[in-house]
């Protein structure tokens, strides 16, 4: 399954790891904002999320860090969606 199919999975959770200010400037509809610096303290919350989880940011760097950290800490089905605009372009309405 490719990232486009994962993003559009009926149970997918989209998480934007940018700062709240960046998130307010534009984001994927129905995504939630958990800034990268809060990810380590919220692993349990991620474990309870509907899977798959797609993380995004501005360019894919921070979301890559978040995805790697979450996977290393036992969170299943976490994918780096890359930049939020690319994720947004994949969302099927």
The range 18-33, residues that are surrounded by 15 or more Cβ atoms within 10 Å (Cβ to Cβ), closer than 23 Å to residue 4 by Cβ and in contact (Cβ under 8 Å) with a residue 24 or more places away in the chain: 18, 27, 28, 31
Those residues of the range 60-93 which are touching a residue at least 24 places away in the same chain (Cβ under 8 Å) and over 15 Å from residue 3 (Cα atoms), in sequence order: 62, 65, 66, 69, 70, 73, 74, 75, 76
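Laboratory data are not the source of any read-out in this text; all were calculated from the coordinates shown. Please read all numbers here as calculations on a predicted model, not as lab measurements. Ideal geometry is used to build each Cβ from the backbone, glycine not excepted, and the neighbour counts take in all protein chains shown.
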